[in-house]
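The values are calculated or read from the model by the stated rules, or taken from the named source; none is laboratory data. Values in this document were obtained by computation on a predicted structure and should not be read as measured data. When we count neighbours, we look across all protein chains shown, and the Cβ atoms used for this are built from the backbone with ideal geometry, even at glycine.
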Amino acid sequence: MNREDQKKQDKAEAVVAEVFARFSYLQQYRSNFGIQWEEVAELIWPEQRNTFFYGDYNMAGVKKTDRQVDSTGMVALNRFGAICDSLLTPRNMIWHMLEATDDDLKKDRATRVWYENTVKKLFKYRYMPDANFTANNQMSYKSMGAFGNGITFIDKLRSHTGNIGLRYKSIPTGEMFFMENHQGMVDGFVRWFRMTARQAAQKWGMENLPETIQEAAKRGTEDLHMFLHYVLPRDDYDPERLDERSLLYASHYISVDGRKLLSSGGYNTFPVALGRYDQAPGETYGRGPAMHVLPTLKTLNAEKRTFLRQGHRAADPVLLTADDGIVDFSLRPGALNKGGVSADGKPLIQVLPAGNIQVTKEMMDEERALINDAFFVSLFQILTESPQMTATEVIERVNEKGILLAPTIGRQMSEYLGPMIDRELDLLSQMGLLDPMPPALAELKGDYHVVYTSPLARAQRAQEVSGALRTLETVKELVAITGDPSLLDPFNFDTMIPDMARIQATPEAWLAGADEIAQKRQARAKQQAAQQQIQAAPAQAAMMKAQAAQAKAGVPQQQGQAVQ
């Protein structure tokens with residue numbers, strides 16, 4: 001082995017040692033969370049059981065619902081995922097746009113059109129069947145509701161069919177150990193996961209695998225092998241270089257078998273979008289609504305056991321008989337039990353009281369209400385329970401929902417969706433799938449920020465539009481009363497109307513540009529002038545006729561004399 005190869009090997013061994021050392025610390029830090037997540041999984045997402053600690057293994061298809069008695073939490077969690085999806089990322093609408101941060105650039109129509117076309121392409125590749133965004137995004141929302149952390153990995157699509165685009169993968173919470181920087185932003189992680197030898201050979205190449213995994217691949221076994229993925233901001237970042245050091249984030253894949261470095265590379269943007277529902281002081285991981293109501297979930301599960309026992313006793317009661325009463329008692333329909341009553345007709349067999357089952361049901365209903373409140377299910381039952389509400393009442397209800405949902409679900413727009421969009425745009429740009437930038441935008445190196453148009457974002461900004469319309473309606477009434485149209489002068493309709501259109505997600509292509517608006521106004525002014533001339537023509541003709549008659553009659557004309 002020459003000196004250069006020895007240097008590379010030493011560097012690889014140093015990376016492996018660093019990753020395992022950091023991973024060991026991260027496991028210790030996260031152990032308390034793992035215990036709580038296991039308790040939550042038992043009650044509302046049993047498929048996730050036994051996945052929160054390094055090395056946990058479950059046989060495929062193993063039954064995991066043996067500790068779950070009541071399904072209220074599971075149903076509420078599924079509805080929570082649907083609520084997040086419908087409020088933040090509904091598939092049937094454009095739920096975000098792109099806009100320049102520079103005020104002058106906002107006025108450039110070519111830039112606005114480029115942003116709109118880019119958003120269309122982004123949604124096209126995001127919702128391609130191969131991308132599988134919808135299913136994985138929903139899994140991340142459910143993970144956030146159950147365990148407080150929704151994690152999605154975004155990468156280039158690598159398809160054997162040759163298709164290009166984006167690929168999304170929801171990462172189970174138990175696999176991800178992440179780190180924050182000094183500003184509280186997640187900027188690194190160690191992920192452990194399993195693959196078959198065949199899958200590992202597809203990803204890294206047979207020649208890069210340890211011998212044990214190579215042999216397994218040749219035998220065609222389906223045994224799973226453990227790997228680590230380590231991502232952290234690069235200390236030796238140099239944007240002028242042409243190798244991996246030009247990438248902001250370093251990436252290393254390591255095989256646990258043989259402790260071998262499989263590949264090193266990097267990313268321009270952080271490859272993971274992470275949403276945290278809520279955080280306690282000093283903690284890196286999030287806490288979900290299920291963790292907030294974990295005592296309630298446990299209580300409901302215990303109450304359901306009692307309820308079932310009481311119900312069983314009520315349906316199939318315990319019978320009390322006298323010491324010398326009937327012995328061979330039959331509960332078969334139509335059976336005759338001699339000796340069941342005394343000679344005077346008094347029953348010798350009685351039913352053991354089963355307790356007040358209604359009280360248990362009321363106690364369970366109280367716990368279910370708390371669970372549904374935590375997962376926002378009760379908020380979305382209002383419209384169905386009150387179908388006779390007026391349109392104004394519905395709007396007010398929606399506004400109330402926006403106020404209640406914004407602090408937690410609204411947080412996902414900045415922490416989860418924002419980094420996801422940055423990553424998507426970076427990947428599409430690398431693959432050459434975006435149009436060339438207009439000169440003004442290229443000069444500012446693609447300056448942009450995300451403008452959310454989802455139902456939740458609209459609910460948060462709906463007050464601006466409704467307030468403007470209410471004010472305008474009031475002024476219109478004053479104009480009608482006073483007959484003074486100058487009362488409308490304070491309104492800047494040239495600014496207000498485009499802003500209202502954008503708040504309500506009107507496509508940019510449907511709005512006229514400044515030049516087009518000027519042309520329309522010039523044409524309208526010419527048309528109005530021509531119309532005025534046409535209307536004034538009869539009066540001018542009469543004036544000329546009267547002047548001619550006076551001249552013929554010898555009546556002298558005075559300068560400025562009006563014709564009656």
Exercise. Identify the single condition in (1) without any contact (Cβ under 8 Å) to a residue 12 or more places away in the chain; (2) not in a helix (DSSP H, G or I) that Q9 does not satisfy, given that it satisfies every other one.
Key: (2)
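Taking the stretch 404-455 only, how many residues are part of a loop (DSSP other than H, G, I, E, B) and small (G, A, S)? Don't jump to the end; show me each part of the working.
Going residue by residue through the stretch 404-455, those that are part of a loop (DSSP other than H, G, I, E, B) are 406-410, 431-438, 444-448, 453-454.
Add one more test, that the residue is small (G, A, S), and what stays is 406, 410, 432, 446, 454.
The qualifying residues number 5.
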Exercise. Inspect the stretch 429-441 for any residue being at pLDDT 85 or above, touching a helix residue (DSSP H, G or I) at 6+ places or on another chain (Cβ under 6 Å), buried (at least 16 other Cβ atoms within 10 Å of the Cβ) and under 24 Å from A76 (Cα atoms) and give the result as yes or no.
Key: no
Quiz item: If you take the residues of the stretch 307-342 that are in a loop (DSSP other than H, G, I, E, B), modelled with pLDDT of 75 or more and among the aliphatic types (A, V, I, L, M), which of them is farthest from E367 (Cα to Cα)?
Solution: L336
Self-check item: Residue that is out of contact with any Pro (no Cβ under 7 Å at 6 or more places or on another chain), modelled with pLDDT of 80 or more, exposed (fewer than 13 other Cβ atoms within 10 Å of the Cβ) and under 30 Å from K298 (Cβ atoms), where the choices are Q358, Q381
Solution: Q358
Exercise. Look through the stretch 293-306, keep the residues that are within 37 Å of the chain's Cα centre (by Cα) and more than 14 Å from L77 (Cβ to Cβ), and return whichever of them is surrounded by the fewest Cβ atoms within 10 Å (Cβ to Cβ).
Key: P295
Quiz item: Within the stretch 69-86, restricting attention to residues that are closer than 14 Å to A290 by Cα and of a type in the set (G, A, S), which residue is farthest from the chain's Cα centre (by Cα)?
Solution: S71
Practice problem: Of the conditions (1) hydroxyl-bearing (S, T, Y); (2) without any contact (Cβ under 8 Å) to a residue 40 or more places away in the chain; (3) closer than 27 Å to R287 by Cα, Y127 clears all except one; give me its number. | Solution: (3)
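Going through Y125, Y168, Y115 one at a time, which residue ends up being within 30 Å of E47 (Cβ to Cβ), surrounded by 17 or more Cβ atoms within 10 Å (Cβ to Cβ), of a type in the set (F, W, Y) and not assigned by TED's automatic domain parsing to the domain that holds G286? Show your work before the answer.
Values: Y168 fails: not assigned by TED's automatic domain parsing to the domain that holds G286; Y115 fails: within 30 Å of E47 (Cβ to Cβ).
Answer to the selection: Y125.
Look at the stretch 257-308 and say how many of its residues are of a type in the set (F, W, Y) and either farther than 30 Å from A197 by Cβ or free of Cβ contacts under 8 Å to residues at least 24 places away in the same chain (or both).
From the stretch 257-308, those of a type in the set (F, W, Y) are 267, 270, 277, 285, 307; that's our starting set.
Narrowing further to those that are either farther than 30 Å from A197 by Cβ or free of Cβ contacts under 8 Å to residues at least 24 places away in the same chain (or both): 277, 285, 307.
Qualifying residue count, the stretch 257-308: 3.
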Quiz item: What do you reckon, is E215 assigned by TED's automatic domain parsing to the domain that holds Q27, acidic (D, E), more than 27 Å from S24 (Cβ to Cβ) and free of Cβ contacts under 8 Å to residues at least 24 places away in the same chain?
Solution: yes
Exercise. Kindly list the number of the only condition in (1) part of a loop (DSSP other than H, G, I, E, B); (2) charged (D, E, K, R); (3) crowded, with 17+ Cβ neighbours inside 10 Å that fails for R30.
Key: (1)
Quiz item: V40: in the same structural domain as D223 (by TED's automatic domain parsing), in contact with a His (Cβ under 8 Å, 6 or more places away or on another chain) and among the hydrophobic types (A, V, I, L, M, F, W, C), yes or no?
Solution: no
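I'd like the full set of residues that are closer than 30 Å to W45 by Cβ and charged (D, E, K, R), limited to the stretch 64-112.
Passing the criteria: K64, D66, R67, D70, R79, D85, R91.
Give the residue that is farthest from D447 (Cα to Cα), with candidates limited to residues of the stretch 58-78 that are in contact (Cβ under 8 Å) with a residue 60 or more places away in the chain and not in a loop (DSSP other than H, G, I, E, B).
T72
A quick yes/no check of all residues on (1) more than 34 Å from the chain's Cα centre (by Cα); (2) assigned to a loop (DSSP other than H, G, I, E, B); (3) surrounded by fewer than 11 Cβ atoms within 10 Å (Cβ to Cβ):
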{"site": "V479", "(1), (2), (3)": "yes, no, no"}
{"site": "S486", "(1), (2), (3)": "yes, no, yes"}
{"site": "P490", "(1), (2), (3)": "yes, yes, yes"}
{"site": "A501", "(1), (2), (3)": "no, no, no"}
{"site": "Q519", "(1), (2), (3)": "yes, no, no"}
{"site": "Q527", "(1), (2), (3)": "yes, no, yes"}
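When you scan the stretch 79-173 for helices (runs of 4 or more DSSP H) that lie fully inside it, which ones turn up with 3 or more residues that are hydroxyl-bearing (S, T, Y)? Quick ask: steps written out before the conclusion?
Values: elements: 103-106, 109-126, 133-147.
Helices (runs of 4 or more DSSP H) meeting the threshold: 109-126, 133-147.
Among the residues in the stretch 60-71, are any crowded, with 22+ Cβ neighbours inside 10 Å, closer than 19 Å to K142 by Cα, at pLDDT 95 or above and in the same structural domain as E180 (by TED's automatic domain parsing)? So that I can check it myself, show each step before the final result.
Narrowing the stretch 60-71 to residues crowded, with 22+ Cβ neighbours inside 10 Å: 70.
Narrowing the set further to residues that are closer than 19 Å to K142 by Cα leaves 70.
Next, only the ones that are at pLDDT 95 or above stay: none.
No, the stretch 60-71 has no match at all.
Being farther than 29 Å from D187 by Cα and among the basic types (K, R) is the filter here, so list the residues in the stretch 211-262 that pass it.
K218, R219
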Practice problem: Only one of these is of a type in the set (V, I, T), under 30 Å from G145 (Cα atoms) and either at pLDDT 95 or above or not assigned by TED's automatic domain parsing to the domain that holds T212 (or both): V272, V256. Name it. | Solution: V272
